[in-house]
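First the structure, in the form of structure tokens, and then the observations on it.
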Amino acid sequence: LPIFSPETAMYFEQAITRYQGIVAAGGWNQVPATKKLKLGVVDDDVVPLRKRLMYSGDLAQSAGMSRAFDSYVDSAVKRFQARHGLPSDGVLGRYTFAAMNVGADVRLGQLETNLVRLRSMSGFLGDRYVMVNIPAAQIEAVENGRVVLRHTAIVGKIDRQTPILNSKI
């Protein structure tokens, strides 16, 4: 499905409900960012990583608690990275730790803010359109409700922000 589709707002509402529950339960713990974690590593820091990935739904509860960074954790980390616009390499480095250690209350606020933005953009975009997701640095070409092309985009920086526009191609 395209990033922006009629179902997107519904998915955001479901995520908001789930995150409200996570925040009400006290949120999630920080994952220690003291060392790189990757497939094959056995370390005490993998246990809080597993817990964090279970909170976000990237790792099934049935994967259990272990000190091993196994193929289940590797796949879960890659899912987490893809959802956060990071290279999906399965390695926990600086940027993955930073994204993972954003508090649940902050993520809830981001979801709520973006739901308002999504609703303000609602409406029929046409059978063919191009959508640029600036935070994820992705471009999608959409035809008849399906993504036919997806590419990485180069986006602006704080001092040279990417403009928001709506135009015909």
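The values are calculated or read from the model by the stated rules, or taken from the named source; none is laboratory data. Note that the structure is predicted; figures quoted are calculated from it, not measured. Glycine also receives a Cβ, built like all others from the backbone with ideal geometry; neighbour counts cover every protein chain displayed. The area values use the complete protein model at the heavy-atom level, side chains included, leaving out ligands, DNA and RNA. Shrake-Rupley method; radii C 1.70, N 1.55, O 1.52, S 1.80 Å.
Kindly establish whether Ile154 is touching a His at 6+ places or on another chain (Cβ under 8 Å) and either open to solvent by 40 Å² or more (accessible area, probe 1.4 Å) or among the aliphatic types (A, V, I, L, M) (or both).
no
Going by the structure shown, is Ala82 free of Cβ contacts under 8 Å to residues at least 60 places away in the same chain, within 18 Å of the chain's Cα centre (by Cα) and open to solvent by less than 40 Å² (accessible area, probe 1.4 Å)?
no
Can you find a residue in segment 95-108 that is of a type outside the set (D, E, K, R), over 18 Å from Asp58 (Cα atoms), touching a residue at least 12 places away in the same chain (Cβ under 8 Å) and open to solvent by less than 60 Å² (accessible area, probe 1.4 Å)?
no
Just give me the residues in segment 22-40 being open to solvent by 40 Å² or more (accessible area, probe 1.4 Å) and either in contact with a helix residue (DSSP H, G or I) (Cβ under 6 Å, 6 or more places away or on another chain) or farther than 17 Å from Tyr95 by Cα (or both), in sequence order.
Once the filter is applied, which keeps residues that are open to solvent by 40 Å² or more (accessible area, probe 1.4 Å) and either in contact with a helix residue (DSSP H, G or I) (Cβ under 6 Å, 6 or more places away or on another chain) or farther than 17 Å from Tyr95 by Cα (or both), segment 22-40 yields Val23, Ala24, Ala25, Gly26, Asn29, Ala33, Leu39, Gly40.
What number of residues within segment 51-63 satisfy the criterion of being open to solvent by less than 40 Å² (accessible area, probe 1.4 Å), farther than 15 Å from Phe97 by Cβ and either under 20 Å from the mean Cα position of the chain (by Cα) or not aliphatic (A, V, I, L, M) (or both)?
2
How about segment 113-151: which of its residues are of a type outside the set (Ser, Thr, Tyr), outside any strand (DSSP E or B) and open to solvent by 80 Å² or more (accessible area, probe 1.4 Å)?
Val116, Arg117, Arg119, Met121, Phe124, Asp127, Pro135, Asn144
For Leu1, which of the numbered conditions (1) free of Cβ contacts under 8 Å to residues at least 60 places away in the same chain; (2) surrounded by fewer than 18 Cβ atoms within 10 Å (Cβ to Cβ); (3) touching a helix residue (DSSP H, G or I) at 6+ places or on another chain (Cβ under 9 Å); (4) closer than 30 Å to Ala141 by Cα fails to hold?
(1)
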